[in-house]
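As structure tokens, the structure follows; a few thoughts come after it.
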Amino acid sequence: MPSTTPFPAHSARLVFQPVTEHDFPELLTVYNSNPDYMEFAFGQRVVTLQTVADDHQDNLAFADSYSFSIREVHCTEIIGIAQFILRNPQDGHPWLGLIMLHNAYQSHGYAREFLDTLIAWYRENGYTSLHLAVLEKNSRVVSFYEKYGFVVYEERVTEKLGRVICMKYSIQS
């Protein structure tokens, strides 16, 4: 596995900071602003602080996993979260687990800006691909990733999440 430089602290319009327990109340607002996704992922349209804490712990249970809060450059309020991993133990590939923005901050290009930063960081560190999985029930985001350059390579059924659409982005050096 390539060695890694620290993840960038910011992009042009966004600031990225590792999530801490202190962030959970603000992240709860982000999570609950996305009730459809909460229902798809957690089986309920409104989740609790414990759900946020458990999700954070589940993500960090993997070695080389990251969980970053997303803020606008000139604001202190958390507007989103991103989770990713350098090496998924199931297949050895880097995976993007989540980019979630508060619904008030969607459609402003922030997810794309984060993804640009993430892909550039992976490229800088010698990675050649990035994988992700989209819940079938959330398949409307597939077009976002396809426009970015991700391609569908497989559909799987998982016990916890049901059918998922697996996508891959080839990182050019």
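Within segment 111-129, identify whether any single residue is part of a helix (DSSP H, G or I), in contact with a Lys or Arg (Cβ under 8 Å, 6 or more places away or on another chain), charged (D, E, K, R) and open to solvent by 40 Å² or more (accessible area, probe 1.4 Å), and answer yes or no. Within segment 111-129, not a single residue is part of a helix (DSSP H, G or I), in contact with a Lys or Arg (Cβ under 8 Å, 6 or more places away or on another chain), charged (D, E, K, R) and open to solvent by 40 Å² or more (accessible area, probe 1.4 Å). Residues in segment 139-155 include none that are open to solvent by 50 Å² or more (accessible area, probe 1.4 Å), on the phi < 0 side of the Ramachandran plot, in contact (Cβ under 8 Å) with a residue 40 or more places away in the chain and part of a helix (DSSP H, G or I). Selection of segment 7-43 for residues being open to solvent by 70 Å² or more (accessible area, probe 1.4 Å), farther than 18 Å from His74 by Cα and at pLDDT 95 or above yields Glu21, His22, Pro25, Thr29.
The condition of being exposed (fewer than 14 other Cβ atoms within 10 Å of the Cβ), over 18 Å from Phe144 (Cβ atoms) and in contact with a Phe, Trp or Tyr (Cβ under 9 Å, 6 or more places away or on another chain) holds for only one of Leu60, Leu86, Leu49, that being Leu49.
Here's the yes/no breakdown for (1) farther than 18 Å from His10 by Cα; (2) within 14 Å of the chain's Cα centre (by Cα); (3) not charged (D, E, K, R):
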site: Val73; (1), (2), (3): no, no, yes
site: Ile81; (1), (2), (3): no, yes, yes
site: Pro94; (1), (2), (3): yes, yes, yes
site: Tyr105; (1), (2), (3): no, no, yes
site: His131; (1), (2), (3): yes, yes, yes
site: Val151; (1), (2), (3): yes, no, yes
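The values are calculated or read from the model by the stated rules, or taken from the named source; none is laboratory data. Keep in mind the model is a prediction, meaning the values are calculated, not measured. In this analysis, Cβ positions are derived from the backbone assuming ideal geometry, glycine residues included, and neighbour counts consider all displayed protein chains. What goes into the accessible areas is simple: the full protein's heavy atoms, side chains included, and nothing from ligands, DNA or RNA. Shrake-Rupley method; radii C 1.70, N 1.55, O 1.52, S 1.80 Å.
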